[in-house]
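Asks: Below is one structure. I have some questions about it.
The values are calculated or read from the model by the stated rules, or taken from the named source; none is laboratory data. Please read all numbers here as calculations on a predicted model, not as lab measurements. Don't worry about glycine lacking a Cβ; one is built from the backbone with ideal geometry, like all the others, and counts go over all protein chains shown. Only protein heavy atoms, including side chains, enter the accessible area calculation; ligands, DNA and RNA are left aside. Shrake-Rupley method; radii C 1.70, N 1.55, O 1.52, S 1.80 Å.
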Amino acid sequence: MAAPGAPVTVTVTYSNEKHSIQVASQQEDGEPTLQDMAVLIEQVTGVPVPFQKLIYKGKSLKELEQPLSALGVKNGCKVMLIGKRNSPEEEAELKKLKDLEKSVEQIANKLEEVNKEFTSIQKGFLAKDLQAEALKQLDKRIKGTAEQFMKILEQIDAINLPENFSDCKLKKKGLVKRVQVFLAQCDTIEGNIGQEMDKLQSKNLALAE
């Protein structure tokens, strides 16, 4: 018997293809889940996770977050896959969206950096006489970050997808939502920076009087 958390080797049959895959958990010390297996199956067969129907011992496997052991899937088991691969055209559009997703992640890192620096200023980790200039720079950076997110949103919007590109449509919708969440964060941080700048200005004016 495999130790808990050990990879599980499964044979996947898809039409006349057979694939042997080794499913490991994405979580440290965790057990491999159905989600882990579905992601691997997408890699080897090209059938996207949302459109996979996985059959094991005549039953459909549906609970993605469940460990394979809980579903009775063990080493050497055979799982049947039913589902439609994306067309080369849809794959090309999907690649565009995945590239944009990478850009979104890079911009999100910049947002995180601005937030961290701002928090450290709020906590008083920066000398008082340097705060005004630092806040001005952060204000500039957060505005630039928001602009980059807006440009990405325009690029996503410019991708026109046919009705039958379900996988792409799902990806596009999810990406738009993520960018909108990041834009809302930009707004909040920009507002907080503005408030901090006003507070600093008021203090400086009070000291000057």
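Asks: If a residue must be part of a helix (DSSP H, G or I) and under 15 Å from residue 98 (Cα atoms), how many such residues does region 150-165 contain?
Replies: Qualifying residue count, region 150-165: 5.
Asks: Among 189, 193, which is the only one that is touching a residue at least 40 places away in the same chain (Cβ under 8 Å), closer than 26 Å to residue 121 by Cα, within 26 Å of the chain's Cα centre (by Cα) and open to solvent by less than 50 Å² (accessible area, probe 1.4 Å)? Please lay out each step first, then the result.
Replies: Values: 193 fails: within 26 Å of the chain's Cα centre (by Cα).
Of 189, 193, the one residue that is touching a residue at least 40 places away in the same chain (Cβ under 8 Å), closer than 26 Å to residue 121 by Cα, within 26 Å of the chain's Cα centre (by Cα) and open to solvent by less than 50 Å² (accessible area, probe 1.4 Å) is 189.
Asks: Name, by its number, the condition in (1) in a helix (DSSP H, G or I); (2) free of Cβ contacts under 8 Å to residues at least 60 places away in the same chain that does not hold for residue 131.
Replies: Going through the list (1) in a helix (DSSP H, G or I); (2) free of Cβ contacts under 8 Å to residues at least 60 places away in the same chain, residue 131 breaks only (2).
Asks: Could you give me the residue pairs with C-beta distances under 9 Å whose first residue belongs to region 18-43 and is within 24 Å of residue 84 (Cα to Cα), whose second residue is crowded, with 18+ Cβ neighbours inside 10 Å and hydroxyl-bearing (Ser, Thr, Tyr) wherever it lies, and which are 6+ apart or on separate chains?
Replies: Note: pairs meeting the criteria are 19/45; 23/33; 33/25; 36/25; 41/14.
Asks: Taking the criterion of being of a type in the set (A, V, I, L, M, F, W, C), open to solvent by 90 Å² or more (accessible area, probe 1.4 Å) and either out of contact with any Cys (no Cβ under 7 Å at 6 or more places or on another chain) or in contact (Cβ under 8 Å) with a residue 60 or more places away in the chain (or both), would at least one residue in region 196-208 satisfy it?
Replies: Checked region 196-208: at least one residue is of a type in the set (A, V, I, L, M, F, W, C), open to solvent by 90 Å² or more (accessible area, probe 1.4 Å) and either out of contact with any Cys (no Cβ under 7 Å at 6 or more places or on another chain) or in contact (Cβ under 8 Å) with a residue 60 or more places away in the chain (or both).
Asks: Within region 99-111, can one find any residue that is under 24 Å from residue 166 (Cβ atoms) and either open to solvent by less than 30 Å² (accessible area, probe 1.4 Å) or not in a helix (DSSP H, G or I) (or both)?
Replies: Taking every residue of region 99-111 in turn, at least one turns out to be under 24 Å from residue 166 (Cβ atoms) and either open to solvent by less than 30 Å² (accessible area, probe 1.4 Å) or not in a helix (DSSP H, G or I) (or both).
Asks: So, one more: Hey, any hits in region 33-56 for a residue that's exposed (fewer than 14 other Cβ atoms within 10 Å of the Cβ), more than 22 Å from the chain's Cα centre (by Cα) and in a loop (DSSP other than H, G, I, E, B)?
Replies: No, every residue in region 33-56 fails to be exposed (fewer than 14 other Cβ atoms within 10 Å of the Cβ), more than 22 Å from the chain's Cα centre (by Cα) and in a loop (DSSP other than H, G, I, E, B).
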